[in-house]
Amino acid sequence: MQTLHVELGDRSYPIFIGQNIVSKGLLTQYITGNQALIVTNETVAPLYLKALKDSIPGSIRVDEVVLPDGEQFKDLDHLNLIFDQLLQNRHNRTTTLIALGGGVVGDMTGFAAAAYQRGVNFIQVPTTLLSQVDSSVGGKTGVNHPLGKNMIGAFHQPQCVLIDTTVLNTLPEKELSAGMAEVIKYGLIYDEAFLCYLEDHIDGLMGLDSDLLAQAIFRSCQIKAEVVAQDEKESGIRALLNLGHTFGHAIEANQGYGEWLHGEAVGAGTMMAADLSCRLGWISSKDVTRVKAILEAANLPIYPPNEMTPDQFKQLMAVDKKVLDGQLRLILLKSIGEAVVSSDFSVEKLNETLEAGSNLGDCC
Ligand code: NAD
Ligand code: GLY
């Protein structure tokens, strides 16, 4: 087992990464009171709920809530199901919420923990690649609103993150690809050597080679921990973790939450960010080809939906959290391994990218 630390002063916490660790009782020491509520969903519960519950000593009363599965249920109505359980079972301020599932369960559980009785502890047990490398680390929690993705939420750091790489064996292939979009992101924004590692091993990674995956998860979490430690509340460098996300969130909202997986939308969004970076003369067409190749090798979509118009993109992108004083800011690539937050692009260049469709990356 490997351990990393997210260094945030009195809110610091460990990330444990290893095989078959869900059942090892590691999280018990992070349950501070004698009550806990496991939040999971109808897909993950039959797979891992019993093992997790059995790992917690009988002296702790463990309740559970099983949510419907899907991004379309990541909303205030379904968040209330968590509060219903907490209140019906008289959980007090010493309770600990435990998120067992992907990013949807993790974001909702974290937000419930941030809000319940003005804030209680929670633990992340992420079960998708995406949640293991991204959403479980860093304390962003929340739910969607029909007018915007993740628009209602809070920063609330977990007590620990328990990453059991064995659970990825039951993950559908499409979900593995979606998670790989966020892994690739770290290479593109922060560490070209890591991107080279991914390029060299993408077949093994997609084939679920456990050693390769453990290394990729470790490096991804290490980068995320470094960035979050510098900028917990996203007033600077943390925004770089959103490469491809502004375009991607617009795709998700336009298509209806749950139609495109978050990671798939990030894949196409990353290609759009690379295309615009190239049109601005910041990266070469060879770099864009490299971005396209690694996204394709991870079986990710590289083009936005055909029917989405530039106006639809712009309307949805206007509610992005990175919009400042009415000005759209995007994460773009200065080179492979170096990203910037920028509003330094003309409307014409942005339009070219939004209109490029399946010619993305061809004409820069
Ligand atoms: P998800 O939570 O919907 O999980 C994907 C699917 O896999 C679901 O059907 C789920 O039930 C299933 N599943 C989970 N674990 C499984 C397993 N081990 N075996 C079989 N099936 C399993 O999606 P996700 O990709 O994990 O997360 C996406 C969400 O994360 C989005 O809502 C996104 O906004 C959010 N997110 C948040 C952050 C953050 O910093 N908080 C970062 C990135 C993404
Ligand atoms: N997923 C982006 C962030 O955590 O900041």
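Taken together, the values in this text are just the output of simple stated rules run on the coordinates, not laboratory data. Keep in mind that what you see is a predicted model, and the values were worked out from it rather than measured. Glycine also receives a Cβ, built like all others from the backbone with ideal geometry; neighbour counts cover every protein chain displayed.
The figures follow:
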| read-out | value |
| --- | --- |
| Among (1) more than 16 Å from ligand 2 (Cβ to nearest atom); (2) of a type in the set (A, V, I, L, M, F, W, C); (3) under 15 Å from the mean Cα position of the chain (by Cα), the one test that Leu171 misses | (3) |
| Residues of segment 289-315 satisfying the condition of being within 28 Å of Gln132 (Cβ to Cβ) and among the aliphatic types (A, V, I, L, M) | Val291, Ala293, Ile294, Leu295, Ala297, Ala298, Leu300, Ile302 |
| Identity of the residue in segment 83-122, over 20 Å from the mean Cα position of the chain (by Cα) and of a type in the set (Gly, Ala, Ser), that ends up surrounded by the fewest Cβ atoms within 10 Å (Cβ to Cβ) | Gly119 |
| Residue within segment 169-191 that is closer than 30 Å to Gln315 by Cα, surrounded by fewer than 17 Cβ atoms within 10 Å (Cβ to Cβ) and within 16 Å of ligand 1 (Cβ to nearest atom) present | yes |
| Some residue of segment 140-163 being within 16 Å of ligand 2 (Cβ to nearest atom) and of a type in the set (Ser, Thr, Tyr) | yes |
| Flag for Val125 being among the aliphatic types (A, V, I, L, M), buried (at least 24 other Cβ atoms within 10 Å of the Cβ) and under 10 Å from the mean Cα position of the chain (by Cα) | no |
| Inter-residue pairs, beta-carbon under 6 Å, first among the acidic types (Asp, Glu) and in segment 104-127, second surrounded by fewer than 24 Cβ atoms within 10 Å (Cβ to Cβ), 6+ apart | Asp107/Gly142 |
